[in-house]
Each structure stands twice: as C-alpha cells, then as structure tokens.
Amino acid sequence: MEPGKLAAQVSLLDSHPEVDFVFTDFVNFGEFGIGSRHTLTCQQFRSLLTNEVAEHVYIIDSQAAYKTLINENFVGASSMMFRKKLTASIGSFDPKLQSSEDIDFVFRAAAVGSLGYVDMIGHRRRLHATNMTQNMKKVQRCYLSVLQRQLVTSHDSATRLCLKQRISEVYWGLGYALCEEGQLWESAAMQIQSVKANWTNMRPYMGLVKGVLSYVSGRHKPQAIQN
C-alpha cells in the first residue's frame, strides 16, 4: 500500500456523502518487471473521468461505470474502500465464488450508486506462479457466472445486449484455449455457448471449424470433458 492512499479515500468519502465506494489505481509487478498503471490499460474507463471534484479526484456516474465494467475490470480488489452501509444494502463479497468475487461486488456497488476514484497508485500487486489469477480457465469460468448473474438481474435492453456480447466473447476465449490444449469436445461446448449468447459473433463459428480441422488433421484427438 502506498502512503496517502487511505487518507485520500477517506477525504473523498467525507467530502461527498452521496458516494459509498471509492477506489484508486494500482500497478502489477513480478518476474517480468514493473507494469504500467492498471487503468492506463482501460481506455473506456479513462474516458469516464470527466467530473473532477478535486485535484485527481473524480466521481463516476453509476450507469456509465456499470456498463464500462462489463468490458473492463478497472477496479483492483485491494484498491477499494466503502462505507459499512453499502454492504448492508448490497451484501458483501460472495464466498461461494472461487474467483471474480471482487468484480461481482463492484458490479453490485455500481448498480446502486456513483463511484469515487482517486487517480493515484494506491497499491502494488505482486504476480507470481502461485497467484490464484494465474489459472485463467478457472478465473474465466467464475467470471462467466458473475456476468450471467448480471444478465439475470438486468432489465435494461442495451445493458443486456452488452452483457450477452461479453459473455459470448468469454465463452469463445475459453473454447479457443481448450482447443489449443486438445480438449476438443469441451472446446466445442464452449463455442456453442458462445453462439447461444450472441449468434452474430463470428468467432465461435471459426472456433468450431478450427476444432474440426484439428481433429481431421490429427493435430489433436478429442479428450474426455473435464469438470
């Protein structure tokens, strides 16, 4: 944690009682070196920083934050600070989720109110081989369950369309990774789910073709579906 992080977040909450949730930027580091600021990789999010209420301090509209979160996970779990009353309203982190419990919580927070953002590096996160997030297939499966929850609770047609498009992309990505590993049956199942989520997405169709070609060419043979 960087010096000044907590003080800056408390100051925002004190100055703006209408805001219940505030976060900062962060940086990843590890054997690869030091990464760039996380939000610099989130261009949609950066475009939301228009309501500057103090130097490097912003309030982000609830609906805009929610829709952007569908495509960009711009909040780091260790960067959050929120009022106790927020958890009384939306609940806390879901212990049933093995991953993506942070974005699940942020979705719920953004659905009920504006978010506060302090544009500073608040903490640095070390990445290593034993990080839970290194198991990308597991992470993506949990992420899918979070997106599907939002699809169930959302009643806005434009938001539902964005969620379906994102769900389709995540299924496609899982299918691609599984095909590369030779898990052709499971890959095909993921590509079919991708089509069901958004039939206009051409990637899963190409993914199914790739799986067939991998089988015909002998590059991969189908393996049993793994849970």
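Figure the gain on full extension for Ser92 and His56 (residue separation times 0.36 nm, minus the Cα-Cα span) and round it to one decimal in nm. Mind dumping the intermediate values first?
On the way: separation 36, 0.36 × 36 = 12.96 nm, distance 2.81 nm.
Result: 10.2 nm gained on full extension.
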* Structure fact -> Of the candidates Ile103, Pro3, Ser214, the farthest towards the positive dipole end of the chain (Lys/Arg Cβ +1, Asp/Glu Cβ -1, centred on the Cα centre) is Ser214
* Name the longest site-free stretch of the chain, where the excluded sites are trypsin sites (Lys or Arg not before Pro) in a DSSP loop with no more than 13 other beta-carbon atoms within 10 Å. => 97-218
* Structure fact -> Given backbone amide H placed at 1.01 Å from N, residues whose amide H is under 5 Å from that of His123, ignoring those fewer than 5 places away on the same chain, are Glu2, Val27
* To do: For each of Asp156, Asp61, count neighbouring Cβ atoms within 10 Å of the residue's Cβ, then give the residues from fewest to most.
  => Asp156, Asp61
* What ranking do Leu13, Leu213, Leu48, Leu174 get, fewest neighbouring Cβ atoms within 10 angstrom at the top? -> Leu213, Leu13, Leu48, Leu174
* Quick one: compute the contact order of the chain, relative version, from alpha carbon pairs under 8 angstrom and 6+ residues apart, as a percent. => 21 percent
* Quotient of Cα Rg and 2.2 N^0.38 Å for the chain, N being how many residues it contains -> 1.13
* Please report the base-10 log of the normalised intensity I(q)/I(0) for region 1-130, using a Debye sum with one equal scatterer per alpha carbon and no solvent, at each q in 0.09, 0.12, 0.19, 0.20 (1/Å). => -0.24, -0.44, -1.13, -1.25
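Give me the mean projected area, in nm² to one decimal, of the convex hull enclosing the Cα positions of region 154-219.
Numbers: hull surface 16.3 nm².
For region 154-219, averaging the hull's shadow over all directions gives 4.1 nm².
If I take every Cα pair under 8 Å that is 6 or more residues apart in region 154-219, average their sequence separation and divide by the length, what percent do I get for the relative contact order? Numbers along the way, then the final one.
Numbers: 61 pairs, mean separation 20.7, N = 66.
RCO, region 154-219: 31 percent.
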* To do: Please identify every one of the chymotrypsin sites (Phe, Trp or Tyr not before Pro) in region 75-182 that sits in a loop by DSSP and has no more than 16 other beta carbons within 10 Å of its own beta carbon.
  => Phe93
* Euclidean distance between Cα centres, region 94-117 to region 18-84, Å -> 13 Å
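Rule-based calculations on the coordinates, nothing more; no lab input. Remember, predicted model here, so these are calculated numbers, not experimental data. Note: ideal-geometry Cβ built from the backbone for every residue, glycine included; neighbour counts use all protein chains shown.
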